[in-house]
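Chemist: One structure, pasted below without further comment.
The values are calculated or read from the model by the stated rules, or taken from the named source; none is laboratory data. Treat the numbers as computed from the prediction; the structure is a model and nothing was measured. Quick reminder, even Gly has a Cβ in these numbers, built from the backbone with ideal geometry, and neighbours come from all protein chains shown.
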Amino acid sequence: MSRPVLIGIGGGTGSGKTLFAKNIVNHFNAKRVAVVGMDAYYKNLDYLPMDARNQRNFDHPEAFDWPLLQHQVREFLSGNPLEIPIYDYRTHTRTTESRPLGEVTVALLEGILALWDPELRDEMDLRIFVDVPADIRFIRRLQRDIRDRGRTVDSVVQQYQSTVRPMHEQYVEPTKVAADLIVPGGGQNTVAVDTIRSRIAELLGD
């Protein structure tokens, strides 16, 4: 293998992208294969008052720090260790800490817009779109945001109707055509998980 391997995993909110990615990498040594969540690359909004932060559209491409993500992908593919940002969802800010990626051989970049940027797509060795019905995705997002992000039911529903759903239709769903593999069912699709594991094992020479 001449250079590190980058795998992109896109799909709608609540589709199970993170679980799918984790089920793949759990089969390998963490020093060789790792998941990089695209949420780490949300723009730092510490310059705005909290009310203004809460009004931002976090499902639009402009919510992400693309220059930083592109730079770090190039560094990864050049074999350089990285410090992945840590994002605080409750305050919509980037913390002062970071997560070392180390010199892994395979990175799985997962996020709603992981397949959106043409420059990143061109760098990917494999592009995957996790495809799950909208009602299931909404229920998962509702449960997650209440449990993990301190949200209320009303705030999650309002956000879903005003930004999440229209942004999915405008920006996320169209990236499906760029995928090499479309996976229904998310992390529960054990056949797809095993298939990707086998492909990674081939690349690693295991």
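Chemist: For the stretch 148-174, what are the residues that are basic (Lys, Arg) and closer than 20 Å to Met38 by Cα?
Modeler: Arg149, Arg165
Chemist: Do you know which of the residues in the stretch 2-12 that are surrounded by fewer than 24 Cβ atoms within 10 Å (Cβ to Cβ) and in a loop (DSSP other than H, G, I, E, B) is nearest to the chain's Cα centre (by Cα)?
Modeler: Pro4
Chemist: Could you look through the stretch 13-34, keep only residues that are basic (Lys, Arg) and closer than 30 Å to Gln159 by Cα, and pick out the one that is surrounded by the most Cβ atoms within 10 Å (Cβ to Cβ)?
Modeler: It comes out as Lys17.
Conditions tested, residue by residue: (1) under 19 Å from the mean Cα position of the chain (by Cα); (2) surrounded by 18 or more Cβ atoms within 10 Å (Cβ to Cβ).
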{"site": "Val36", "(1), (2)": "yes, yes"}
{"site": "Asp46", "(1), (2)": "no, no"}
{"site": "Asp51", "(1), (2)": "no, no"}
{"site": "Asn54", "(1), (2)": "no, no"}
{"site": "Phe58", "(1), (2)": "yes, yes"}
{"site": "Pro61", "(1), (2)": "yes, no"}
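Chemist: Moving to a separate point now. Which of the residues belonging to the stretch 174-197 are outside any helix (DSSP H, G or I) and over 16 Å from Leu19 (Cβ atoms)?
Modeler: Answer for the stretch 174-197, where residues must be outside any helix (DSSP H, G or I) and over 16 Å from Leu19 (Cβ atoms): Ala179, Asp180, Leu181, Ile182.
Chemist: Suppose we keep only residues that are part of a helix (DSSP H, G or I) and buried (at least 19 other Cβ atoms within 10 Å of the Cβ) within the stretch 115-137. Which one would you say is modelled with the highest pLDDT?
Modeler: Taking the candidates together, the pick is Leu120.
Chemist: Looking at the stretch 163-197 only, could you name the residues that are of a type in the set (Ser, Thr, Tyr) and loosely packed, with under 12 Cβ neighbours inside 10 Å?
Modeler: Within the stretch 163-197, just Thr190 meets the criteria.
Yes or no, residue by residue, for (1) touching a strand residue (DSSP E or B) at 6+ places or on another chain (Cβ under 8 Å); (2) outside any loop (DSSP other than H, G, I, E, B):
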{"position": "Ser15", "(1), (2)": "yes, no"}
{"position": "Val73", "(1), (2)": "yes, yes"}
{"position": "Phe76", "(1), (2)": "yes, yes"}
{"position": "Ile86", "(1), (2)": "yes, yes"}
{"position": "Thr96", "(1), (2)": "no, yes"}
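Chemist: Going by what's in this entry, would Lys31 be described as touching a residue at least 12 places away in the same chain (Cβ under 8 Å) and closer than 26 Å to Ile136 by Cα? Even if it seems obvious, please write down each step before you answer.
Modeler: Values: touching a residue at least 12 places away in the same chain (Cβ under 8 Å): yes; closer than 26 Å to Ile136 by Cα: no.
No.
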